[in-house]
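K.L.:
Please find one structure pasted underneath; my questions will follow.
Derivation of every value follows stated rules applied to the coordinates shown; laboratory data play no part. Note that the coordinates shown come from a computational prediction; the quantities given were computed from them, not determined experimentally. So basically every Cβ, Gly included, is an ideal-geometry build from the backbone, and we count neighbours across all protein chains shown.
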Amino acid sequence: MAVGVLALQGSFNEHIAALRRLGVKGVEIRKPEQLGNVSSLIIPGGESTTMAKLAEYHNLFPALREFVKMGKPVWGTCAGLIFLANKAVGQKEGGQELIGGLDCTIHRNFFGSQIYSFEAEIAAAELASKEGGPETFRAVFIRAPAVIEAGPGVEVLAEYPVPSNNVLYSSSSVRIQEENAAPEKKVIVAVKQKNLLGTAFHPELTADTRWHSYFLKMACESGEGASSSIVAVEGV
Ligand code: GLN
């Protein structure tokens, strides 16, 4: 079955192109009934308030929550990660509606506004290939969020050292992973919890398809695979 890509706003075309490079069909999802045609879903980056307003307008929230509850694999990138979280902070009073399911608190703009967007080489053991291929990847952070609290069932897949000029660095109101507090504070930027994957960065904006392969493998293992084409996926 094909992989759905929520196509309300943001980088959905880039996700579909990345899936195509892996021989997998990505299907644009804009209406609740279209979720019945896909076995897994990618929620792209973009602007989460706008995305939430559009999702509300199209009455997508109940169907999206049901999709998550059914245990179908869902991957949120950046704004998509915010969408999947149980709680988001760093936003205006009231915030925006979330799908929830991921037992995390996300700071919506942890790394700052657009001008603080950046790229970095970071490590994720899950991306290492059996042949010993590199486990580091180029992470593109655009007005990026970060996971500031993660529940016990959440697996941390990647972290990033908190820039010393980050306003949250010394804030006592925000608990950054205590065990990583010294000598360098790190913030969580990629997580997995059962059927849910969340990344604060944008793998779809790079030529590296390993995160997409990783998600397809998750989908395959959950029995909600994207058909035999996944056999062609390498590196994970
Ligand atoms: N921080 C943005 C938001 O709140 C997300 C940015 C992104 O998806 N690149 O929606």
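K.L.:
Place +1 on the Cβ of every Lys and Arg and -1 on the Cβ of every Asp and Glu in the range 1-152, take the dipole about the Cα centre, and give the residue among 110, 91, 136 whose Cα lies farthest towards its positive end.
P.N.:
91
K.L.:
Taking N as the number of residues in the range 79-138, what is its Cα Rg relative to 2.2 N^0.38 Å?
P.N.:
Taking the Cα Rg and dividing by 2.2 N^0.38 Å, one obtains 1.48.
K.L.:
Which of the pairs 130/192; 72/130; 25/87; 72/185; 25/53; 53/186 have their Cα atoms more than 23 Å apart in this structure?
P.N.:
72/130; 25/87; 72/185; 25/53; 53/186
K.L.:
Show me 127-135, 16-24 ranked by packing, highest mean number of other Cβ atoms within 10 Å first.
P.N.:
16-24, 127-135
K.L.:
Okay, next question. Cα centroid distance between the range 138-157 and the range 189-205, in Å?
P.N.:
The range 138-157 and the range 189-205 have Cα centres spaced 7 Å from each other.
K.L.:
Grab the eigenvalues of the alpha-carbon gyration tensor for the range 14-164, scale each by 5, take roots, and send me the semi-axes largest first in whole angstrom.
P.N.:
Semi-axis lengths for the range 14-164 are 24, 21, 15 Å.
K.L.:
Kindly put 99, 82 in sequence by how many other C-beta atoms sit within 10 Å of each C-beta, fewest to most.
P.N.:
So the residues, fewest neighbours to most, are 99, 82.
K.L.:
I've got another one for you. Taking the Cα centre of the range 1-57 as the origin and placing charges on Cβ (Lys, Arg +1; Asp, Glu -1), which of 41, 11, 23 is farthest toward the positive end of the dipole?
P.N.:
About the Cα centre, the residue reaching furthest to the positive side is 23.
K.L.:
In cubic angstrom, how much convex hull volume per residue do the alpha carbon atoms of the range 64-107 span?
P.N.:
So the per-residue Cα hull volume is 62 Å³.
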